[in-house]
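The values are calculated or read from the model by the stated rules, or taken from the named source; none is laboratory data. Since the model is a prediction, treat every value here as computed from it, not as a measurement. Here the Cβ positions follow ideal geometry from the backbone for every residue, glycine too, while neighbour counts run over all protein chains shown.
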Amino acid sequence: MMMMEAFGRGMHVVAASTMVFRSELQPMMTPEPVGSSSFSSSSSRQRDLVFIVNPRGCNGKTGRQWRKILPYLQSRLGKECNILESITSGPCHAIDITREAIREGADAVVAVGGDGTLHEVVNGFFWAGKPVTSQMKDSTHSTALGLIPLGTGSDFARTLHWKDDPREAIERVARGFFLFLFFVFAIAILFAVLLINVGILTGLRSRVDIGVISGESCENHYFINVADIHLSAKAGFYASRYKSFGKLCYVLGALHAFMGHQNQDLRIKFNEGEWETWPQLTTVCVGNAKYFGGGMKITPNATPYSGNLEVVIVQNFKWHDFILKLQKLYNGTHLSLENISARSALSIELEDISGNGGIHIQSDGEHLGFLPKKISVLPGAIEMIC
């Protein structure tokens with residue numbers, strides 16, 4: 001396969017777009033021939049932890065930080081598992097790497113970067129509307145998702161109350177890995193059926209919900225944080241043009257989006273019910289988690305363990321409303337404001353009444369085109385190291 005060939009090349013050429021790193025604390029394996037997968041698994045060897053790194057994140061800061069923490073990662077996990085590093089070469093590359101790693105039986109795929117890298121890794125857990133599964137005959141476990149937040153924005157990490165500390169993130173991965181091995185051993189010896197759901201009890205490996213977005217002319221798209229429509233999505237679209245300004249890109253994107261912005265009437269359907277007309281909509285945010293836009297607590301009641309999405313609808317806002325109410329929007333106390341409403345939902349469908357097709361939608365800061373779209377929740381879709 002093409003991806004397998006890419007991994008094979010990465011084993012030989014350090015400058016390749018995809019590079020696989022095996023911990024120096026373990027005996028180096030003989031390089032595999034071109035066309036074979038670096039993620040090949042067998043029951044007789046240690047488990048693979050695949051770290052997908054976006055070195056260009058935060059103007060290259062992600063790559064530099066990663067190199068600094070790599071020795072600590074080796075010291076914590078290098079004797080117990082295979083540490084595999086894969087460097088992304090451009091947009092959507094992390095999706096392909098993740099799918100290949102899961103198919104080859106990786107114990108965990110860890111996103112190293114910001115919300116954009118996490119977003120791609122999450123989408124790699126799915127293919128053609130279904131979860132990707134291991135193709136290894138001896139596989140007895142599902143691949144877990146991990147995160148070391150190092151990018152421009154780590155809004156999902158804020159929901160989980162994680163500190164901006166790479167070493168703490170590595171400790172989470174280590175605890176999740178060692179606990180997993182312990183319970184595999186316990187199950188094998190004691191046949192303790194009740195331990196199957198231990199991830200939820202311990203908080204170290206937990207099932208998290210995932211949002212899915214579908215449309216008339218595109219395949220499903222998945223998100224773990226927040227999906228949003230109209231003004232905020234347009235702001236995110238423009239913010240991507242100002243990434244070189246770091247976190248200031250969100251402010252610049254919002255200013256750009258306000259130029260020529262007009263509120264729009266939309267048709268909305270909740271939970272497969274009847275269509276409702278919502279006039280003068282400014283933005284709609286659908287949260288699986290709480291934060292977006294670099295720390296704005298836009299869906300304050302959302303949690304990725306609830307089995308529901310929180311929908312926050314803002315109507316008839318002008319530019320001065322955002323300036324006057326910005327503090328409330330950031331600290332999550334805005335739900336009591338006039339022209340803002342919120343509700344929980346399993347699904348929400350949105351259509352542009354005008355039919356012009358110019359209402360933007362994005363998820364986890366990634367632009368996904370325009371309405372109409374349907375957004376649904378997949379409860380407990382992915383196991384995550386938390």
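Filter region 112-141 down to residues that are outside any loop (DSSP other than H, G, I, E, B) and surrounded by 18 or more Cβ atoms within 10 Å (Cβ to Cβ), then give me how many there are.
The total comes to 13.
Which residues, counting only those in region 259-276, are touching a residue at least 60 places away in the same chain (Cβ under 8 Å) and either over 18 Å from Ser347 (Cβ atoms) or assigned to a loop (DSSP other than H, G, I, E, B) (or both)?
Within region 259-276, Gln264, Asp265, Asn271, Glu272 qualify.
Would you confirm, using the coordinates I've provided, whether Tyr250 is surrounded by 19 or more Cβ atoms within 10 Å (Cβ to Cβ), at pLDDT below 95 and outside any loop (DSSP other than H, G, I, E, B)?
yes
Take region 121-173 and flag every residue that is basic (Lys, Arg) and touching a residue at least 40 places away in the same chain (Cβ under 8 Å).
Hits for region 121-173 are Arg158, Arg167, Arg172.
Among the numbered criteria (1) surrounded by fewer than 20 Cβ atoms within 10 Å (Cβ to Cβ); (2) modelled with pLDDT of 90 or more, which single criterion is violated by Leu181?
Going through the list (1) surrounded by fewer than 20 Cβ atoms within 10 Å (Cβ to Cβ); (2) modelled with pLDDT of 90 or more, Leu181 breaks only (2).
Do we find a residue being in contact with a Lys or Arg (Cβ under 6 Å, 6 or more places away or on another chain), crowded, with 19+ Cβ neighbours inside 10 Å and outside the structural domain of Arg56 (by TED's automatic domain parsing) anywhere in region 233-242?
no
Restricting attention to region 64-83, report how many residues are touching a strand residue (DSSP E or B) at 6+ places or on another chain (Cβ under 7 Å) and within 25 Å of Asp164 (Cβ to Cβ).
Counting residues in region 64-83 that are touching a strand residue (DSSP E or B) at 6+ places or on another chain (Cβ under 7 Å) and within 25 Å of Asp164 (Cβ to Cβ) gives 5.
A quick yes/no check of all residues on (1) in contact with a helix residue (DSSP H, G or I) (Cβ under 7 Å, 6 or more places away or on another chain); (2) among the aromatic types (Phe, Trp, Tyr); (3) at pLDDT below 75:
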{"position": "Phe185", "(1), (2), (3)": "no, yes, yes"}
{"position": "Leu194", "(1), (2), (3)": "no, no, yes"}
{"position": "Ile210", "(1), (2), (3)": "yes, no, no"}
{"position": "Glu216", "(1), (2), (3)": "no, no, no"}
{"position": "Val226", "(1), (2), (3)": "no, no, no"}
